[in-house]
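This report concerns only the one structure given below.
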Amino acid sequence: MYLITSLLGTFYSQSAFLIYIIYFFLENETLSNVFNAIFYNLNQLFSVGLLGVVFVYIFSLICYDTYALDIIAEKDPDEACDSIISCIMDLYVSGTIGGSVEEFKFVRFMTDLIYFIFFGLLFGNIVSGIMIDTFAELRSKREEMNNDKKNKCYICGKDRA
């Protein structure tokens, strides 16, 4: 496997050398726990990610319908939010649609604030909470297995005493 990866990396594409890094992560016990935590709750993380995509899409539609004309007037035509896709990308990259405004608008301020609070803070904390719970659950399972190895017979399952 090392030889094939080295040949691919040398003669085809240097991206093949990334396999060594992934292998290092999988062989290191601490780093493999991160991969285990991700794959253990992949359904939950996928659901939260899908909810995040829907949330960004809803806010992009609201922003596009509410003040797309103001943004087009503010920006260069190349950078303007002239379609829903460009609004989604602008919202995803910068967190707000339209970097600056010439006059303060309370509705726009509240929309950007709600987006920041829900997406920037809430979704990040939800993913962090899922990962922390997974680490705690994997640690308790590992401790339970180690306790069983030390204190139970592996043939009959009776306690050591």
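The values are calculated or read from the model by the stated rules, or taken from the named source; none is laboratory data. These numbers come from a predicted model, not from an experiment. Quick reminder, even Gly has a Cβ in these numbers, built from the backbone with ideal geometry, and neighbours come from all protein chains shown.
Brief remarks on what is shown
- Meets criteria (modelled with pLDDT under 70, assigned by TED's automatic domain parsing to the domain that holds PHE135 and surrounded by 16 or more Cβ atoms within 10 Å (Cβ to Cβ)) for ALA73: no
- Options ALA16, ALA37; residue that is of a type outside the set (S, T, N, Q), surrounded by 12 or more Cβ atoms within 10 Å (Cβ to Cβ) and over 22 Å from the mean Cα position of the chain (by Cα): ALA16
- Filter result for the condition that a residue is at pLDDT below 70 and not assigned by TED's automatic domain parsing to the domain that holds ASN36, over GLU103, GLU137: GLU103
- Among the candidates VAL54, VAL48, residue that is modelled with pLDDT of 85 or more, surrounded by 10 or more Cβ atoms within 10 Å (Cβ to Cβ) and touching a helix residue (DSSP H, G or I) at 6+ places or on another chain (Cβ under 6 Å): VAL48
- Residue list for segment 105-156, restricted to those being of a type in the set (Ser, Thr, Tyr) and either over 20 Å from the mean Cα position of the chain (by Cα) or more than 24 Å from SER32 (Cα to Cα) (or both): THR111, TYR115, SER140, TYR154
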